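Written below as structure tokens is the structure these notes are about.
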Amino acid sequence: MDLGLKGKRALVMGGAKGLGRSIADALAAEGTVLTISGRDVAAMEKAAADLKALGAPSVSVVQADVSSSAEMDKLADAAVKAMGGVDILVLNHGGPPVCTASEMTEENLTKWFQNIVVSPIRITMKLMPAMRAQKFGRVIVVGSSGMHHPIPTLALSNTLRASIWAWLKTLSAEVAADGVTMNILAPGSIRTDRITQTAAVRAEKAGTTVDEEIARAGKEVPMGRVGEASEYGPMGAFLAGKTGTYITGTMVRVDGGRVRSML
């Protein structure tokens with residue numbers, strides 16, 4: 001299937017590894033021009049070489065930290081300069097510390113509000129006017145199943161990601177008539193560094209091992225296993241392509257059926 005992405009320009013935040021990388025891989029295979037951002041330049045340069053081998057015509061690397069609003073402005077400007085514009089924006093960042101709601105602190109709440117809420121909104125609003133003017137744009141948020149079904153040990157993530165969900169739902173209606181779609185791509189238990197970190201915390205509390213906790217997480221999924229990153233990214237390309245023209249303001253789950261709600 002031709003998704004119509006050849007020559008489109010995508011900025012993928014956190015595109016060197018994990019879920020961001022899985023979307024970048026899928027976009028590269030469709031011939032999308034890419035800019036990836038993150039903090040680890042060496043990892044990004046390695047990823048850039050791999051993405052070119054997959055089919056991306058060019059891949060630019062920009063070092064940027066989501067904890068800084070100024071860095072988001074710099075990232076947006078660098079991506080536009082490198083590619084001539086941004087058609088597809090993938091909002092992605094590292095997750096906050098594992099904690100229960102009772103363990104949440106004001107310090108962490110304030111710190112991660114910048115990373116999870118302020119910075120994604122800032123860079124989107126900087127790039128949105130051009131998307132609306134050209135009558136095409138895609139904004140994809142790398143979300144979490146906790147945005148729909150709160151995860152007990154990820155209370156900080158649950159709380160802040162709910163804000164992004166509400167913002168996206170509101171803004172998507174405002175820009176839909178201009179050909180801009182905005183969606184959340186929510187993973188379930190996907191094998192990334194994040195699931196390993198979460199499993200390590202659970203293992204320490206339960207006196208088990210990381211492998212045992214990952215296996216336990218897999219048993220909570222109807223498919224009986226955790227997912228692989230390669231199973232997540234292709235849906236990002238689907239939403240970004242011409243196949244996603246009439247899909248907006250929604251959350252698409254790639255979770256093996258883990259969230260059982262009908263809503």
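Solvent-accessible area per residue for region 95-183 at a 1.4 Å probe radius, Å²? Walk me through the intermediate numbers first.
On the way: 3860 Å² over 89 residues.
Heavy-atom SASA per residue in region 95-183 reads 43 Å².
If I model a spin label at A130 and T243 as a point 7 Å from the Cα along the Cα→Cβ vector, what separation in nanometres do I get?
Result for the modelled spin labels: 2.7 nm.
Rank-order 76-86, 97-107, 3-13, 221-231 by packing density, defined as the average count of other C-beta atoms within 10 Å over each peptide's residues, highest first.
Averaged packing, sorted descending, gives the order 3-13, 76-86, 221-231, 97-107.
Express the carbon and sulfur contribution to the solvent-accessible surface of region 126-263 as a percent, rounded to the nearest whole number, probe 1.4 angstrom. Walk me through the intermediate numbers first.
Numbers: 3810 of 6590 Å².
Exposed carbon and sulfur together represent 58 percent of the surface.
Counting helices only, and only those DSSP H runs with n ≥ 4, report the 222 nm mean residue ellipticity of the chain as the sum of -39,500 (n - 2.57) divided by its residues, in deg cm²/dmol to the nearest 500. Mind dumping the intermediate values first?
On the way: 9 runs with 118 residues, N = 263.
Only helices count here, giving -14000 deg cm²/dmol.
Arrange the peptides 25-38, 182-195, 249-262 so that the one whose residues have, on average, the most other Cβ atoms within 10 Å appears first. Could the numbers behind the result be given before it?
Numbers: 25-38: 25.6, 182-195: 22.3, 249-262: 15.1.
Per-residue mean Cβ counts within 10 Å order the peptides as 25-38, 182-195, 249-262.
Can you compute the modelled spin-label distance between K205 and S230, with each label point 7 Å from Cα toward Cβ, in nm?
A separation of 3.3 nm, rounded to one decimal place.
Give, rounded to the nearest 20 debye, the magnitude of the charge dipole that the chain has about its Cα centre when Lys and Arg contribute +1 at Cβ and Asp and Glu contribute -1 at Cβ. Kindly include the intermediate steps, with their values, before the conclusion.
Working: 29 positive and 25 negative charges, 108 e Å.
Using only the charged Cβ atoms, the result is roughly 520 debye.
If R0 is 22 Å, what FRET efficiency do you get for V41 and Q197 from their C-beta distance, rounded to 0.05? Mind showing how you got there, number by number?
Details: r = 22 Å, r/R0 = 1.01.
The calculated FRET efficiency here is 0.50.
Find how many whole Å separate the alpha carbon centroid of region 208-222 from the alpha carbon centroid of region 82-144.
Their Cα centres are 29 Å away from one another.
Where does helix 69-83 land angle-wise versus the long Cα axis of the chain, in degrees 0 to 90, nearest 10?
Helix 69-83 sits at roughly 50 degrees to that axis.
Each residue of region 94-101 in turn: what ³J(HN,Hα) in whole Hz from Karplus with 6.51, -1.76, 1.60 and θ = phi - 60°, glycine and Pro shown as x?
So the Karplus estimates, Gly and Pro as x, are x, x, x, x, 5, 6, 8, 5 Hz.
Averaged per residue, what accessible surface does region 1-50 expose to a 1.4 Å probe, in Å²?
Values: 1980 Å² over 50 residues.
Per-residue accessible area for region 1-50 comes out at 40 Å².
The values are calculated or read from the model by the stated rules, or taken from the named source; none is laboratory data. Predicted, not measured: the structure shown is a model, and the values here were computed from it. Cβ atoms come from the backbone with ideal geometry, glycine included; neighbour counts cover every protein chain shown. Side chains included, ligands, DNA and RNA excluded: accessible areas come from the protein's heavy atoms. Shrake-Rupley method; radii C 1.70, N 1.55, O 1.52, S 1.80 Å.
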